[in-house]
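Structure first, commentary second.
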Amino acid sequence: MTPRCTRRHFLEASAFAAVAATAPSLAATAKSREPAGFEEYRRHDALALARLVRRGDASPRELLEIAIARAEAVDPQLTAIVVGHFELARESVAGKLPAGPFAGVPYLLKDLGIAMVGTITTDGSRFFRDQRHDFDSTLVERYRAAGLVIFGKTHSPEFGSSPSSESALHGATHNPWDLSRSAGGSSGGSAAAVAAGIVPAAHATDGGGSIRIPASACGLYGLKPTRGRVPLGPKIYEGWGGMSAGHCVSRSVRDSAALLDASQGAAIGDAYAAPPRERPYLEELERKPGRLRIAWMKKPVLPAEVAPECDEAAERAAALCVSLGHTVEEAAPTIDVASVYQGFSLLSSTGTALKVAQREALLGRPARPDEIEAVNWTTIGTGRAASAVDYARARDAIHAASRVLGRFMERYDVILSPTMAMAPARLGELSLSQATEKFTPPATRASAFTSLFNITGQPAMSVPLHWTVPAEGAPAGLPIGVMFAGRFGDEASLFRLAVQLEEAQPWFGRIAAI
């Protein structure tokens, strides 16, 4: 795609659509040796694959078999997919799929807090290893209506409690860019699967950075939507006191926009909803972002050392934004760090304690220490010990922070920062099986920038704008994401900026070495 392309051109005749129009048919290549079918498949984003299906150039079954073959080829090195639904998916493509925007496109769910009838969701925990569902989550219903073909679930650390997808139940998810490093968490399995080419986009959730951290670690686009934008029901009412949100990680911005179009909107019984969108997000990509006022937050609210490569990523992004006509100045909100992050800790710990208590009631017995990882065992104890007054005080603290950020963003449209304060961690550094006092410092550093926007409920995105210089003998550098946060309810401005950045500094063609 050349810089002279218009946004209309980007949407309807983009690099992805152009490949779909000119490349050999997937229907033909899928019948030959798998590498040929896969290489053609990987050149498309999800919307482009759906376009091939609509045109008859590929069938849902062919796309599914390529995705399964790719998973079987690379997942032994990654541990990205931990629950397989291959036969259920084959049955679904044997019938008639809904004529949604993603009809026939293979897709993966995160193995945390989501239900799909007839399947297991382990939540990354030995205590939940056989948790089988007899209903679909609202989000799964919406994904099915969009035509997605769900064929498995991806690795999450136990209860999503770590910025690295490592669990005693399933092992560790390896980063496709460097197998010795973490793919991030808690949506690391989804990010690894997308970065490795198994699927072009995958479901993810974010309670403290769990969409944005793995997007940063794996060189992907990841947007955490506004609190209440995507429903969690019917049996989950709030995740971590409203701090958790669901969406996806993807290789293209437009897939993220279209998936949010398919999944957004309050469901019956939701306690609250995000402000209504003005128009479909996919249409927002046609609109220019205008001259944005960007606050460059160089230091996280939580005290943490920022790695030089993360500083460099943000600095380069700031310069890119200036070159695109935006104004950038160093600025940051003033937050009562102690009360806000005590509130975050208490809300997340009570949420985890509730999850385990519900499972205990269903099984008719208490959880044992050998069924729960060490950090979470401590977390559950903290949650159980909290009083109702403690909980109310924590809710007040995060709502106070939301008001501080709201006032700050009367002066700015967007906040820019590194996504993480560190490069992707070495596997083992963020394991939940170690002592809490050893786990907490690197976990805090990984989420030092991201967690603020879970507290305030604002939308925020990680954009893959930087890679480190490759080490000697390494085939590629490590991805380093840059985060942009918007006003509450304003995903539209972020999507417009994201597509402008994608046009100016394309990343779709950067492929992990695995």
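The values are calculated or read from the model by the stated rules, or taken from the named source; none is laboratory data. As the structure is a prediction and not an experimental result, all values here were calculated from the model. As a convention, Cβ positions derive from the backbone with ideal geometry for all residues, glycine included, and neighbour counts pool all protein chains shown. Please note that ligands, DNA and RNA were not included when accessible areas were found on the heavy atoms of the full protein model with its side chains. Shrake-Rupley method; radii C 1.70, N 1.55, O 1.52, S 1.80 Å.
Yes/no per residue for (1) under 16 Å from the mean Cα position of the chain (by Cα); (2) under 30 Å from Pro60 (Cα atoms):
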residue	(1), (2)
Thr119	no, yes
Thr122	no, yes
Ser125	no, no
Arg142	no, yes
Ala145	no, yes
His155	yes, yes
Phe159	yes, no
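Restricting attention to region 146-176, the residues being of a type in the set (Asp, Glu) and under 19 Å from Leu220 (Cα atoms) number 0. Selection of first residues in region 293-319 that are touching a residue at least 24 places away in the same chain (Cβ under 8 Å) and closer than 19 Å to Leu501 by Cα and of second residues that are surrounded by 17 or more Cβ atoms within 10 Å (Cβ to Cβ) and among the acidic types (Asp, Glu), restricted to Cβ pairs under 8 Å at least 6 apart or on distinct chains, gives the following pairs, ordered by first then second residue: Arg293/Asp413; Ile294/Asp413.
The number of residues in region 415-441 that are farther than 17 Å from Glu158 by Cβ and part of a helix (DSSP H, G or I) comes to 2.
Just one of (1) in contact with a strand residue (DSSP E or B) (Cβ under 8 Å, 6 or more places away or on another chain); (2) surrounded by fewer than 22 Cβ atoms within 10 Å (Cβ to Cβ) fails for Cys310. It is (2). Give all pairs with beta carbons closer than 7 Å in which a residue from region 432-448 that is of a type in the set (A, V, I, L, M, F, W, C) meets a residue that is open to solvent by 40 Å² or more (accessible area, probe 1.4 Å); count only pairs at least 6 apart in sequence or on separate chains. Final answer for the pair search is Leu432/Ala374; Ala435/Ala374.
The requirement of being crowded, with 22+ Cβ neighbours inside 10 Å and aliphatic (A, V, I, L, M) is satisfied by Ala245. Residues of region 388-397 include none that is surrounded by fewer than 18 Cβ atoms within 10 Å (Cβ to Cβ) and outside any helix (DSSP H, G or I).
Every residue, every condition in (1) within 17 Å of Leu108 (Cα to Cα); (2) part of a loop (DSSP other than H, G, I, E, B); (3) among the small types (Gly, Ala, Ser), yes or no:
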| residue | (1), (2), (3) |
| --- | --- |
| Arg227 | no, yes, no |
| Gly233 | no, yes, yes |
| Ile236 | no, yes, no |
| Gly242 | no, yes, yes |
| Val249 | yes, no, no |
| Asp261 | no, no, no |
| Ala266 | no, yes, yes |
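If you check Val93 against the conditions, is it open to solvent by 10 Å² or more (accessible area, probe 1.4 Å) and in contact with a His (Cβ under 8 Å, 6 or more places away or on another chain)? No; evaluated as a whole, the condition is false for this residue.
Hey, can you tell me all the residues within region 64-90 that are acidic (Asp, Glu) and open to solvent by 40 Å² or more (accessible area, probe 1.4 Å)? Across region 64-90, the qualifying residues are Glu65, Glu72, Glu87. One residue stands out among those in region 325-341 that are open to solvent by 50 Å² or more (accessible area, probe 1.4 Å) and aliphatic (A, V, I, L, M): the one that is farthest from the chain's Cα centre (by Cα), which is Ala338.
Among the residues of region 403-414, those that are assigned to a helix (DSSP H, G or I) and either charged (D, E, K, R) or crowded, with 17+ Cβ neighbours inside 10 Å (or both) comprise Arg403, Leu405, Arg407, Phe408. Taking the criterion of being free of Cβ contacts under 8 Å to residues at least 60 places away in the same chain and closer than 27 Å to Ser433 by Cβ, the residues of region 377-392 that qualify are Trp377, Thr378, Ile380, Gly381, Thr382, Gly383, Arg384, Ala385, Ala386. Among residues of region 76-92 that are more than 13 Å from Val149 (Cβ to Cβ), those with a beta-carbon under 8 Å from a residue that is surrounded by fewer than 22 Cβ atoms within 10 Å (Cβ to Cβ) and modelled with pLDDT under 95 at least six positions away or on a different chain give the pairs Gln77/Ile514; Leu78/Ile514.
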